[in-house]
Amino acid sequence: MSIATSGRDFDTSKFFGGIARGIAGALLFALPMLMTMEMWELGVYMDRSRLLLLLLLNIPLLIVLSDRVGFEETSTWRQAIRDASIAYALGILSSALILVAIGVIKEDQSTHEIIGMIALQAVPASIGAMLGRSQLGGQSGDDHHGDGSADDDPVHERETSYAGELFLMAVGALFLNLNVAPTEEMILLSYKMTPWHALVIIVGSLAAMHGFVYALSFRGSHDLAEGTPSWHAFVRFTLPGYLIAGLISAYCLWTFHRTDDMGSTQILMIVVILSFPGAIGAAAARLIL
């Protein structure tokens, strides 16, 4: 069944199929964080101004992301905002249900604690809900007709600008950083590392980023245009991508109080450490989104 809306047909079954994939995506991508003790504790004690800033920043991120991998093809900002709102709602609902089901949220807890835990977990869960369409879309049914021709799916057909590529790298870095930034191991590693370890990690991060996208022939990898020097992609994409991963890492560490009362050297070390998974997430986002 479909109804007319905004001058075109609204496919109800496809929309609710996207909702189902969104819930699955929220669980698939956010479950490790939903079952991480540090995330529960942060939801209770983290500074509410930092939590509010994270929640507010997640809104434009979801809106822009929905234009590329929303629940259905969007042609206006109003539709993108609608998809982002749905993804956020699914993230909140999924987080609340899982936290209640595993006994983290209990009746004797204060409203302040409950809201904090759900709000914090809803950020990665909402991103997962939005990514659910891109990664869990039925390729046999949604992407191809019976004669084998492909649908005009924006996930597969839409060209991405340079700014769009950088945005996708930021999303990938943020999502993977949210998995590990809250953990105590980040602080422990920063004290174990020497400057030589940091240098090796930086070089390894850059090599991994570049290799993921250009050298290892993964599905979705990018080929350099004929006649393009090999260093061009490194300077144009890999270096800016690593810088973005570093900035995202620093922001996540600050948000989760991991840099509080630390010296500048230790802060630099912990940013370098977190930038490694951030760089991997940034490269992976270019492949899969």
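Give the accessible area for Trp40 in Å² (nearest 10); use a 1.4 Å probe, count only protein heavy atoms, and leave out ligands, DNA and RNA.
Roughly 70 Å² of Trp40 is accessible to a 1.4 Å probe.
Mind listing the phi-derived Karplus ³J(HN,Hα) values for the stretch 177-192, rounded to whole Hz, using 6.51, -1.76 and 1.60 with θ = phi - 60°, and x for any glycine or proline?
Result, ordered by residue: 5, 4, 6, 10, 4, x, 7, 5, 4, 4, 5, 4, 5, 5, 7, 7 Hz.
Considering only protein heavy atoms, with the full assembly of protein chains and a 1.4 angstrom probe, order Tyr251, Tyr191 by accessible area, largest first.
Final ranking, largest accessible area leading: Tyr191, Tyr251.
If you count, for each residue, the other Cβ atoms within 10 Å and average over each peptide, how do 265-276, 177-188 line up from highest to lowest?
265-276, 177-188
The values are calculated or read from the model by the stated rules, or taken from the named source; none is laboratory data. Everything quoted here is computed from the prediction, not taken from an experiment. Glycine gets a Cβ as well: all are built from the backbone with ideal geometry, and neighbour counts include every protein chain shown. Just so you know, the surface numbers come from the protein's heavy atoms only, side chains and all, with ligands and any DNA or RNA stripped out. Shrake-Rupley method; radii C 1.70, N 1.55, O 1.52, S 1.80 Å.
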